[in-house]
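Comments concern the structure below.
The values are calculated or read from the model by the stated rules, or taken from the named source; none is laboratory data. These numbers were taken from a predicted model, which means no experiment stands behind them. FYI the Cβ positions are ideal-geometry reconstructions off the backbone, even for glycines, and counts take in every protein chain you see.
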Amino acid sequence: MTTKPSLLLALLVAAFAVSPSAQSPAPQPDWKAVEDEAMRHYQALIRFDTSVSEKSAAEYIKQVFDQNGIPARMLSKDPERPNVLARLKGSGRKRPLLLMGHTDTVPVDASKWRFPPFSATRDGGYVYGRGAIDDKDNLTAAFVTMLLLKRHNVPLDRDVIFLAESGEESASQLGIGHMIAEYYPEIDAEYCIAEGGDTIREGGEVRYATVQVTEKVVRGVELTARGISGHGSVPLKSNAIARLGNAVGRFTTWQPDVRIDETMGTYFRRLAMQAPPERARYYRDVLSPDPKVSGPAADWLFEHEPRHASMVRTSVSPNIFTGGYRSNVIPSEAKARLDVRMVPGEDGPALLEQIRKAINDPEVDVQFTGGGGTRPPIPATRIDSELFKTIEAAVTSVYKVPTLPTMSTYATDMWQLRARGMQCVGIGSAVDIEDQTKGFGMHSDQERLLESELHRFVRLNWEIVSELARAR
Ligand SMILES: [Zn+2]
């Protein structure tokens, strides 16, 4: 009996499909339908005012998970401020992957908003609303990715865990702190993906994506100036307030030494490769081991790109100044609080010495607030890791741009997980860099995201997660 060509073809196709050497490709969702669904969830999540209580958003997430057959639990320390935890089971061949997004937002001054802050108004290709880029974009992208994995029955080599956190902005003891203290085995994972990276659009085009692999360490330093007290009608050279003023004034021109580690070295090298030559020069110079070259470059950054200036060193910002109680009394003491953001591995006592030298006044005492201890350095997520490389490949596929590893100048919830050995990265949807100066940035009196960038970000999340977790 001869085999008809069409049957032969069918047999060949079938044989190929079950061939153990062929890797199962990730299923391709119907992206048009996914976009509609993602927009619906994104708008719904923005429309819950979660600046005080996250409960409404948490209930919504749990309800959608329930409808889709994904087991989810609300876990809370304060019942008004619950977290939502869900898990898709894998074969256990690899350790889990944790996806995090926070449901809370910072508060709003509604009078400053063109569109009501919880309206999720769509206008001119943007979605406006509090949380649009912090963090309801990450939350939506991770949430939709979970729904897609379930709906397509994607076989998994590892569990994928989803955590919608409460309290990220101001009460992390209710969110990540509570989850670590009470439920750590349920969120324990090899990898974790959360907010903290930025995908930079400039002139309407995505230029590069930054992936947060480490973050600065927040410390407070207190300056105490002492002088002789007296009657305000008789000025004294030892005046504590004037002394403190001089000390604090130093920080407009002086900052600690430039300290660049492997992460930031890679960041500035890659940034220089795609920046205009007049800016690229400073990114290269700041890496020089010669302080005569790196110093002026760091000064230029301090003047023109303060965020980059904070990334090349431990930073010092005087943010609170207290002293005096009556206009006719010279006080004997005045205090200032410095917000110090240390690069990982900074030597605390050596830093205090640098600050003392810069102030150069023995009558001004310089101490860490809350004791002198420094927590042991937390290693950065490695850029040669499977996690980072997978993200880099997904960024190339979705945006066609380079990936730069970066360090947050602020703290995120990830440090507590990194401290336990989890490899974490922060990613973010693509935002116009021009929006920051127009007042549309995170925490601004307006917040917005391009609809098209929400959709690309969902796609990015899908590519990363399905690549890391699907069965081979
Ligand atoms: Zn955030």
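Output the helices (runs of 4 or more DSSP H) that fall wholly within the range 230-287 and possess 2 or more residues being more than 25 Å from the chain's Cα centre (by Cα), or say none.
240-249, 277-285
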> Which of the residues spanning the range 124-167 are touching a strand residue (DSSP E or B) at 6+ places or on another chain (Cβ under 8 Å), more than 16 Å from the ligand (Cβ to nearest atom) and charged (D, E, K, R)?
Replying inline: Lys150, Asp157, Arg158, Asp159
> Which pairs do you get when a residue that is on the phi > 0 side of the Ramachandran plot, found in the range 66-77, comes within reach of a residue that is at pLDDT 95 or above, reach meaning Cβ atoms under 8 angstrom, with the pair 6+ apart or on two chains?
Replying inline: Gly69/Lys150
>> assigned to a helix (DSSP H, G or I) and either without any contact (Cβ under 8 Å) to a residue 40 or more places away in the chain or of a type in the set (D, E, K, R) (or both): is that true of Gln63 in this structure?
In response: yes
>> With closer than 26 Å to Glu453 by Cα, without any contact (Cβ under 8 Å) to a residue 60 or more places away in the chain and of a type in the set (A, V, I, L, M) as the only criterion, which of Ala58, Ala33, Ala38 stands out?
In response: Ala33
> Within the range 415-436, how many residues are away from the ligand (no atom under 14 Å from the Cβ), small (Gly, Ala, Ser) and under 25 Å from Ile46 (Cβ atoms)?
Replying inline: 1
>> Restricting to the range 415-439, give me the number of residues that are surrounded by fewer than 21 Cβ atoms within 10 Å (Cβ to Cβ) and part of a loop (DSSP other than H, G, I, E, B).
In response: 6
>> Quick check on my filter: what residues within the range 437-449 are out of contact with any Lys or Arg (no Cβ under 8 Å at 6 or more places or on another chain) and more than 15 Å from the ligand (Cβ to nearest atom)?
In response: Thr437, Lys438, Gly439, Arg448
> Among the numbered criteria (1) part of a strand (DSSP E or B); (2) surrounded by fewer than 24 Cβ atoms within 10 Å (Cβ to Cβ); (3) among the aliphatic types (A, V, I, L, M), which single criterion is violated by Leu99?
Replying inline: (2)
>> Out of Thr103, Thr121, I need the residue that is away from the ligand (no atom under 12 Å from the Cβ) and in contact with a strand residue (DSSP E or B) (Cβ under 9 Å, 6 or more places away or on another chain). Which one?
In response: Thr121
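Residue-by-condition table, conditions (1) farther than 28 Å from Thr406 by Cα; (2) under 26 Å from the mean Cα position of the chain (by Cα):
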residue: Ile320; (1), (2): yes, yes
residue: Ser327; (1), (2): yes, no
residue: Ala334; (1), (2): yes, no
residue: Leu338; (1), (2): no, yes
residue: Met342; (1), (2): no, yes
> Quick check: anything in the range 157-167 touching a Ser or Thr at 6+ places or on another chain (Cβ under 7 Å), of a type in the set (D, E, K, R), within 12 Å of Leu88 (Cβ to Cβ) and not in a helix (DSSP H, G or I)?
Replying inline: yes
>> Exactly one condition in (1) away from the ligand (no atom under 16 Å from the Cβ); (2) surrounded by 23 or more Cβ atoms within 10 Å (Cβ to Cβ); (3) more than 30 Å from Asp30 (Cβ to Cβ) is false for Tyr183; which is it?
In response: (2)
>> Checking the structure you have, find out if any residue of the range 168-179 is away from the ligand (no atom under 16 Å from the Cβ) and farther than 15 Å from Gln416 by Cα.
In response: no
>> Please determine whether any residue of the range 305-314 is touching a residue at least 12 places away in the same chain (Cβ under 8 Å), surrounded by 14 or more Cβ atoms within 10 Å (Cβ to Cβ) and over 30 Å from Ile193 (Cβ atoms).
In response: no
> Which condition number in (1) within 16 Å of the ligand (Cβ to nearest atom); (2) in contact with an Asp or Glu (Cβ under 6 Å, 6 or more places away or on another chain); (3) in a strand (DSSP E or B) is the one that Ile193 fails?
Replying inline: (2)
> If you take the residues in the range 105-146 that are of a type in the set (A, V, I, L, M), crowded, with 24+ Cβ neighbours inside 10 Å and outside any helix (DSSP H, G or I), which one is farthest from the chain's Cα centre (by Cα)?
Replying inline: Val127
> All but one of (1) within 19 Å of His178 (Cβ to Cβ); (2) touching an Asp or Glu at 6+ places or on another chain (Cβ under 8 Å); (3) of a type outside the set (Phe, Trp, Tyr) hold for Ile61; which doesn't?
Replying inline: (2)
>> I'd like the full set of residues that are surrounded by 15 or more Cβ atoms within 10 Å (Cβ to Cβ) and acidic (Asp, Glu), limited to the range 382-410.
In response: Glu392
> What about Ser51, is it in a loop (DSSP other than H, G, I, E, B) and modelled with pLDDT of 95 or more?
Replying inline: yes
> Looking at (1) surrounded by fewer than 23 Cβ atoms within 10 Å (Cβ to Cβ); (2) over 22 Å from Thr409 (Cα atoms), can you tell me which one Pro256 breaks?
Replying inline: (2)
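Could you list all residues from the range 386-414 that are within 16 Å of the ligand (Cβ to nearest atom) and either in a strand (DSSP E or B) or in contact with a His (Cβ under 9 Å, 6 or more places away or on another chain) (or both)? Write out each step before concluding.
First, pick out the residues of the range 386-414 that are within 16 Å of the ligand (Cβ to nearest atom): 406, 408-414.
Hits for the range 386-414 are Thr406, Ser408, Asp413.
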